[in-house]
Amino acid sequence: MAVAHQIAATPPPAPAWLDELALQPGPPWLSMGVRTLELEEWLISDGRFDEELALKELLLATRPHEVFAALAGCEEASDEILELIQAWRAAHPQEGHAASPRADLHPLDAAGRLVQEDLCVMVESDGRYRLEAASLCFPSHWRLHDKLGHSLATIHDPVPHYAEELAAKVDTFFDRLRADRPVQRRNLSIHNHDELFRPGPHESPGSFAPDPSGVDQVWLRSERQTLVRLARTGAVLFTIKTQQCPVVALAGRPDIAAALAVKLRAEQDDLLRAGRTVPFPLWLVGWLEMCRGEPERERERARA
Ligand code: HEM
């Protein structure tokens, strides 16, 4: 079946966050990608607010140990986070978002139930920042208990190229992060599902449909992450807001499809060379290339 036949005449809407993606192809394969964050724009509240908060409540009721954990000693930092979130929400009131924190819960658990973001607390000990507590209802293929208590370097152990390209930069960045200079970054991954709670292992090419006729079952998942140094306790709060869209939405954004095709082709070649698993279907690059459309190909021919 021709790949072009899989591109819908009316693609689903392409979300605005697609324009925030860093799509430069490797090498280098990883980048810090941090940008200044205006505190005014700290937390995201979108059309899925009620649905996501209800899902958090359900997960916290049915599998509490998988989605919340706190080591002893981070109560003060958690209190500070709860205060910060409450103050931010009081300054940015939204209709229907008026719930008060539950006093019977750990303060980080109470804070996590007020916002769509997941909340991770990084505390410094022996010169390393470690994950000491988290309200993590929407993990993208990792398990809280595998990472709890571990340093940034160990947490990122499974990430190809992290040790040589990023580990030192991230450690220095954490040391220097200032309370008055919060930052944001964004990642992108590709999945065969759009489930927010997905702690199990990453996909492989075989976990997707065998050819582009299954492109409707492929999603882009992006985490809008923020890093905020807590002024009083000195801990670092890492927030994660997960956003998703079907990959077929890129049919409406041929510029992004083209850039993503170049990036994924480089990544795929690098992973295959190293004998590692490619976490997306091998036909996706070809499908994205088809999305570029004739105007983009014309421009490329003119540039060549
Ligand atoms: C400036 C700060 C950070 C940078 C530059 C960074 C960078 C990265 C990169 C490049 C990846 C690979 C996937 C992706 O593109 O996102 C990744 C994965 C990941 N990061 Fe980070 N990260 C940072 C902070 C953190 C923090 C504070 C945590 C604490 C929970 C964290 C937890 C993870 C986890 C759990 C993964 C998935 C690892 C796995 O597959 O097991 N990151 N990070």
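The values are calculated or read from the model by the stated rules, or taken from the named source; none is laboratory data. Nothing here was measured: the structure is a model prediction, and the numbers come from that model. Methodologically, a virtual Cβ is constructed for each residue, glycine included, from the backbone with ideal geometry; neighbour enumeration extends over all protein chains shown.
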task: Report, ordered by the first and then the second residue, all pairs with beta carbons closer than 6 Å, sequence separation of six or more or different chains, a first member in region 133-159 that is in contact (Cβ under 8 Å) with a residue 12 or more places away in the chain and farther than 19 Å from residue 110 by Cα, and a second member that is part of a loop (DSSP other than H, G, I, E, B) and within 7 Å of the ligand (Cβ to nearest atom).
output: 141/202
statement: All-but-one check, residue 209 against (1) surrounded by 15 or more Cβ atoms within 10 Å (Cβ to Cβ); (2) small (Gly, Ala, Ser); (3) touching a residue at least 24 places away in the same chain (Cβ under 8 Å), failing number (1)
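Listed here are the residues, each with its yes/no results for (1) under 26 Å from residue 170 (Cβ atoms); (2) modelled with pLDDT of 95 or more.
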| position | (1), (2) |
| --- | --- |
| 17 | yes, yes |
| 29 | yes, yes |
| 33 | yes, yes |
| 45 | no, no |
| 48 | no, yes |
| 56 | no, yes |
| 60 | no, yes |
| 70 | yes, yes |
| 78 | yes, yes |
- line: Taking region 122-139 and keeping residues within 7 Å of the ligand (Cβ to nearest atom) and touching a His at 6+ places or on another chain (Cβ under 9 Å) leaves 131
message: Between a residue in region 271-283 that is of a type in the set (S, T, N, Q) and any residue that is in a helix (DSSP H, G or I), which pairs come within a Cβ distance under 8 Å, given they are 6 or more apart or on different chains?
response: 277/205; 277/271
query: Quick one: how many residues across region 203-258 are farther than 30 Å from residue 135 by Cα and of a type in the set (Asp, Glu)?
result: 3
message: Take residue 111 and tell me if it is outside any loop (DSSP other than H, G, I, E, B), near the ligand (Cβ under 8 Å from one of its atoms) and of a type in the set (Gly, Ala, Ser).
response: no
query: Among the residues of region 33-52, is any surrounded by 16 or more Cβ atoms within 10 Å (Cβ to Cβ), in contact (Cβ under 8 Å) with a residue 60 or more places away in the chain, not β-branched (Val, Ile, Thr) and not in a loop (DSSP other than H, G, I, E, B)?
result: yes
statement: Pairs returned, first residue in region 104-121 that is closer than 18 Å to residue 242 by Cα, second residue that is basic (Lys, Arg) and within 16 Å of the ligand (Cβ to nearest atom), beta-carbon separation under 7 angstrom, 6 or more apart or interchain, are 116/241; 117/241
